[in-house]
Amino acid sequence: MVSPMSLADLIHKHWLNVATAALFGLAFWRIGLSPELPAVFAFIFGGALLAVIDWRIQRLPSRIIYLTFAGVAAGLAFASIVERDVVPLATAVVGALLFTNAFFVIWLATTKFTGMTVLGFGDVRLAAVLGLLLGWYGLPYVLYGAIAGHLLAIAIAAATCIHRRQLYVRYSFGPPLIAGTLAVVLFHA
C-alpha cells in the first residue's frame, strides 16, 4: 500500500508550481484584468523557470528565453490592440533595445577587453525580455527594473561572500534581474 503524501511533501515536490501559481495570484491582485496581464503571466511563467535553471546550473537556455520573449511580445501586442494605442508597444520595443544594448556593451567590454566575465551572453538575451516588459510602462521603469535587479544582485553577492567567507564567489545574475523586474512591474502603481 502506498502511503499518502503529506502537504509538505507535495509542496516540496511541486514548489516551482506553487511559487508560480502564487505569483500569478499576486499579479492578478496587483494588475487586475488589464490588457497586459497575459504578458505579465508569460513573463512569470518563463521567468520562474529561467530563474530556477540559472540558479541551479548558472546558464540561461536560449530557447526558453526566446519563448518567454515571444509570449511577452504577443501579450503586449494583444494589449496594444485592445487599448488601441501603439505608443506603449513602441516604448516596450525601445526599452528592450536599450536594456539589451546596455548589457551587450557590458558583456563585450568585460569579456573581450578585460578578460573578466561579469555577465554571460544569456543575461544579454534575458535583458531583451526584461526591457520589453518594463518598457511597456515607460522608459523610466526600464531603469527602475535594472536598478532593482542590480541592488538585489549586490545583496545576494554580499550575503554569499559573507556566508562562504570568500571574496570572489560565482553566482547567477538572472534570478535577481527577473525578481527585480517582477517587483517593479507588480508595484509600479
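The values are calculated or read from the model by the stated rules, or taken from the named source; none is laboratory data. Quantities reported herein were computed from a predicted structural model and do not represent experimental measurements. Heads up, the Cβs are rebuilt from the backbone with ideal geometry, glycines too, and the neighbour counts pull from every protein chain shown. Ligands, DNA and RNA are excluded from the accessible area calculation, which covers all protein heavy atoms including side chains. Shrake-Rupley method; radii C 1.70, N 1.55, O 1.52, S 1.80 Å.
For the chain, hydrophobic long helices are taken as DSSP H runs at least 20 Å long by C-alpha position along their axis with mean Kyte-Doolittle hydropathy of 1.6 or more; these are 37-57, 87-108. Measuring r between the beta carbons of Ala19 and Arg164 and using R0 = 25 Å, the FRET efficiency lands at 0.50.
Which percent of the accessible area of the chain is formed by carbon and sulfur heavy atoms (probe 1.4 angstrom)? The nonpolar share, carbon plus sulfur, comes to 71 percent.
For segment 87-189, just say rounded, prolate or oblate: build the C-alpha gyration tensor, square-root its eigenvalues into a ≥ b ≥ c, call rounded for a/c under 1.5, and beyond that prolate if a/b exceeds b/c, oblate if not. In terms of gyration-tensor shape, oblate. Near Tyr137: Cβ cut-off under 14 Å, other residues only, Lys/Arg at +1 and Asp/Glu at -1. The net charge is -2. Peptides 47-57, 174-184 ranked from most to least packed give 174-184, 47-57, packing being the mean of other C-beta atoms within 10 angstrom over each peptide's residues.
Each eigenvalue of the Cα gyration tensor of the chain, multiplied by 5 and square-rooted, gives one semi-axis; in descending order these are 27, 26, 14 Å. Entry comment: accessible area of segment 29-183 is 53 Å² per residue, from protein heavy atoms only and a probe of 1.4 Å. Count Lys and Arg as plus one, Asp and Glu as minus one, and take only other residues whose Cβ is under 12 Å from that of Ala157; the net charge is then +2.
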